[in-house]
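Quick note: the coordinates plus some simple rules give every number you see, no bench work behind them. These numbers come from a predicted model, not from an experiment. Backbone-built Cβ (ideal geometry, glycine too); neighbour counts: all protein chains shown.
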Amino acid sequence: MSSSADPVAAAAAAAAAPARKFEWLVVVPDTPGALEKRKEIRSQHLGGLKPAVESGLLKMGGAILEEVPSEDDPTNLKMCGSTLIIVAASKDDILEALNKDIYAQTGVWDVAKVCALLQ
């Protein structure tokens, strides 16, 4: 009997295989009234993204704006959430990653209201 027909060996191989990952469109609204806090820690948030980008977890992201900007100064943008393209195996993996971000840790993001859609 070959090992490919052995159900125990097949189960062990499946358990050892890494979980399949997918691209997710993730929308994270801000907690109401968090705009000033968001602006205050924005540089820390952006600086903390490098490991997620380098690992392939984060493909891209950006702020959701309440209105069309009237100028290019980012300190005057009325941001109300974030959109991200995240590569992960599950929504739980996404939530785990989001909760490590300073926006989640300081209450800027309302992580309880995350919408994660498979692409």
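Applying the Karplus parametrisation 6.51 cos²θ - 1.76 cosθ + 1.60 with θ = phi - 60° to the phi angles of the range 59-75, what ³J(HN,Hα) value in whole Hz is obtained for each residue in order, glycine and proline being reported as x?
8, 6, x, x, 7, 8, 9, 6, 8, 5, x, 8, 8, 8, 6, x, 6
Using modelled amide H (1.01 Å from N, peptide plane; none on Pro or chain starts), what sits under 5 Å from the amide H of Gly81, excluding residues fewer than 5 places away?
Correct list: Asp30, Ile64.
Among the GluC sites (Glu not before Pro) within the range 17-80, which fall in a DSSP loop and have no more than 15 other Cβ atoms within 10 Å of their own Cβ?
Loop-located and lightly packed - Glu66, Glu67, Glu71.
Report ³J(HN,Hα) in whole Hz for each residue of the range 78-91, in order, from the Karplus equation J = 6.51 cos²θ - 1.76 cosθ + 1.60 where θ = phi - 60°; Gly and Pro get x.
Coupling constants for the range 78-91: 9, 8, 9, x, 9, 10, 9, 10, 10, 9, 7, 7, 7, 5 Hz.
Mind running the shape call on the chain? Use the C-alpha gyration tensor, a ≥ b ≥ c as the square roots of the eigenvalues: rounded below 1.5 for a/c, prolate if a/b tops b/c, oblate otherwise.
Since a/c reaches 1.5 and a/b is larger than b/c, the shape of the chain is classed as prolate.
Counting Lys and Arg as +1 and Asp and Glu as -1, what is the net charge of the other residues whose Cβ lies under 13 Å from the Cβ of Leu95?
That works out to -2.
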